[in-house]
Number of protein chains: 2
Amino acid sequence: MEKTPSEAKDTEHAPRAVDWENPRVASILAAAAKCFAENGFSATTLAEIGKELGLRKSIVHYYFASKGALIHEVQSYAYHRYLDQVRASLGAAEGSQTKRALSAMRSLRETIRKNPAATALNIEVWSASRRDPELKRRSAGLQKDARKLIGEGIAEVLGADASKIPQLEGLTTLLLAVLNGLAIAEYVEGDDAKTNEAFEVFLFVVRAGLKAVLSGGE
Amino acid sequence: MEKTPSEAKDTEHAPRAVDWENPRVASILAAAAKCFAENGFSATTLAEIGKELGLRKSIVHYYFASKGALIHEVQSYAYHRYLDQVRASLGAAEGSQTKRALSAMRSLRETIRKNPAATALNIEVWSASRRDPELKRRSAGLQKDARKLIGEGIAEVLGADASKIPQLEGLTTLLLAVLNGLAIAEYVEGDDAKTNEAFEVFLFVVRAGLKAVLSGGE
C-alpha cells in the first residue's frame with residue numbers, strides 16, 4: 001500500500017507520516033470519509049470530523065495539516081480499501097472460465113452496491129477535482145490502478161482464453177464504466193431493482209460476446 | 001417542454017415565467033450552464049453569470065429569483081436540450097433493425113462525447129442534490145424521462161423484434177449507465193481512445209446479445 005512519505009517528523013503540527021495501520025489515523029480517515037460522503041467536502045470541517053470520534057480538532061490537525069491533505073488521503077484510503085475488496089472478489093470466483101469471469105464481475109458489483117457512501121465520496125472527488133488538479137491527477141491514477149487490477153484479474157480467470165480477447169482493456173474500461181454508471185443511477189433514483197436488471201443484461205450480453213469470441217464465431 | 005408556471009407576474013423582482021423561447025432567458029441559462037460546469041455551483045454568483053453576457057446582476061435576478069431557482073432551471077434546460085439531441089439521434093439511424101439500434105446508440109454516445117460541459121454539470125447536480133432534495137427529485141424525473149425516450153426509440157427502431165427482448169428496460173438502463181460511466185472516465189482521465197474502445201466493446205457484446213435473443217439461441 002502506498003503511504004505518504006514522512007515529512008518533518010520532529011516538528012509539532014507539521015504533516016506527519018500517514019500510517020494507515022495506526023488505529024487513530026484509520027479512525028480519522030473512516031470518520032472523514034463518512035462526513036465527506038454525507039455532507040460534501042465544503043460543508044465538512046476538521047472539527048466535525050473530530051467530533052464524530054470525540055477528538056479535539058487539534059488532534060485531527062496533528063495528523064493532517066489541512067482539509068486538502070485529508071481529502072487526498074481519504075481518497076487514497078477509500079480507493080485502496082476498494083481495491084482490496086476487488087482482489088477478494090476476483091479470487092473467490094469458481095466454475096468454468098467464462099462463469100468465473102462473470103461471477104467475479106458480479107462480486108465487484110455487489111461490493112459497490114453495498115457501499116453507497118463510496119459513490120457519494122466519488123461524486124465529491126469528481127466535483128472537487130475541477131478545482132484541485134492534484135486530486136484529479138490522483139483520481140486518474142487510482143482509476144488506472146483499478147483498471148489494471150481488474151484487467152489482470154479477468155485475464156487470470158480466463159486463463160489461456162484471455163489471449164483470444166483482443167480488447168480485454170476495453171472490456172475492463174467498460175466494466176468500470178458500468179459499475180460507476182449504475183452506482184450513480186442508484187444514488188440519484190434509489191432503485192436497486194432497475195439497476196440490478198441492467199447489470200443482469202450486461203452479464204448476459206458479455207457472456208454472448210465472450211461466447212462469440214471464444215468460439216471464433218465472429 | 002415543461003416550463004415553470006408564471007408567478008406574481010405584476011410584481012417587480014418576483015419570479016417570472018421562465019420562457020425558454022425568450023432569447024435573453026435562453027442566453028442566461030446557457031451562460032449559467034457554462035459557469036456552473038466550469039466552476040461549480042458554490043463558486044458561481046449571479047453577478048458572474050450576468051458578466052458573461054454583459055448584463056447587470058439585477059437583470060439576471062429579474063428572471064431568476066435565486067441561484068437555487070436558476071440551478072433547477074439550468075438542469076431542466078440542459079436536460080431537455082439533451083433529450084432533443086437524443087430524439088434526433090434515434091431518428092437518424094438507418095440500415096437493418098439491429099444495425100439501426102446500434103447506430104442510434106453510437107449517436108447517443110457522440111452527442112455526449114461532444115459535450116463534456118454536460119458531464120461537469122451533471123457531476124455538480126449529483127453533488128448538490130445531496131443537500132437539495134428538490135434537485136434530486138428533478139434529477140430522478142429527468143433520468144426517467146431520458147430512459148423512457150431511449151427505450152421507446154430503441155423499441156421503435158427494433159420494430160416487431162422489440163417484443164422478443166424481455167429486458168428492454170434493463171438494456172436502456174444499462175445504456176444510460178454506460179454513457180454516464182464513460183463520460184466520467186473521460187472527465188477524470190481525459191482519454192478518449194480508451195473510452196471509445198470500451199464503447200466499441202459494448203456495441204459488440206450488445207450485438208452478440210441481440211443476435212442470441214433474436215435467433216432464439218439462448
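Of all residues in region B:189-218, exactly one satisfies the criterion of being surrounded by 22 or more Cβ atoms within 10 Å (Cβ to Cβ) and farther than 21 Å from residue B:98 by Cβ, namely B:195. Does residue B:159 satisfy being more than 9 Å from every other protein chain (Cβ to nearest Cβ) and at positive phi? Judged against the criteria, residue B:159 is a match.
When B:8, B:65, B:26, B:14 are checked against the criterion of being modelled with pLDDT of 85 or more, surrounded by fewer than 19 Cβ atoms within 10 Å (Cβ to Cβ), out of contact with any Cys (no Cβ under 6 Å at 6 or more places or on another chain) and in a loop (DSSP other than H, G, I, E, B), a single residue qualifies: B:65.
For residue A:109, the stated conditions hold: it is modelled with pLDDT of 85 or more and out of contact with any His (no Cβ under 9 Å at 6 or more places or on another chain). For region B:189-203, the criterion of being in contact with a helix residue (DSSP H, G or I) (Cβ under 9 Å, 6 or more places away or on another chain), aromatic (Phe, Trp, Tyr), more than 7 Å from every other protein chain (Cβ to nearest Cβ) and part of a helix (DSSP H, G or I) is met by at least one residue.
Residues that are of a type in the set (D, E, K, R), away from every other protein chain (no Cβ under 11 Å) and over 11 Å from residue A:180 (Cα atoms) within region A:111-126 comprise just one, A:114.
Considering only residues in region B:136-156 that are within 14 Å of chain A (Cβ to nearest Cβ) and farther than 18 Å from residue A:195 by Cα, the one that is surrounded by the fewest Cβ atoms within 10 Å (Cβ to Cβ) turns out to be B:138. Within region A:84-105, track down each residue that is at pLDDT 80 or above and surrounded by fewer than 16 Cβ atoms within 10 Å (Cβ to Cβ). Those that are at pLDDT 80 or above and surrounded by fewer than 16 Cβ atoms within 10 Å (Cβ to Cβ): A:84, A:87, A:88, A:99.
Once region A:118-138 is narrowed to residues that are part of a helix (DSSP H, G or I) and touching an Asp or Glu at 6+ places or on another chain (Cβ under 8 Å), the residue that is nearest to residue B:38 (Cα to Cα) is A:127. Of the residues making up region A:29-52, just one is surrounded by fewer than 15 Cβ atoms within 10 Å (Cβ to Cβ), at pLDDT 90 or above and either within 14 Å of chain B (Cβ to nearest Cβ) or part of a helix (DSSP H, G or I) (or both), namely A:47. Hey, any hits in region B:128-140 for a residue that's among the polar types (S, T, N, Q) and free of Cβ contacts under 8 Å to residues at least 12 places away in the same chain? Yes, the conditions are met somewhere in region B:128-140.
Across region B:127-135, a minimum of one residue is classified as at pLDDT below 85 and either loosely packed, with under 15 Cβ neighbours inside 10 Å or within 13 Å of chain A (Cβ to nearest Cβ) (or both).
The values are calculated or read from the model by the stated rules, or taken from the named source; none is laboratory data. In this text, all values refer to a predicted model and were calculated from it rather than measured experimentally. Here Cβ is always computed from backbone atoms with ideal geometry, including for glycine, and neighbour counts include all displayed protein chains.
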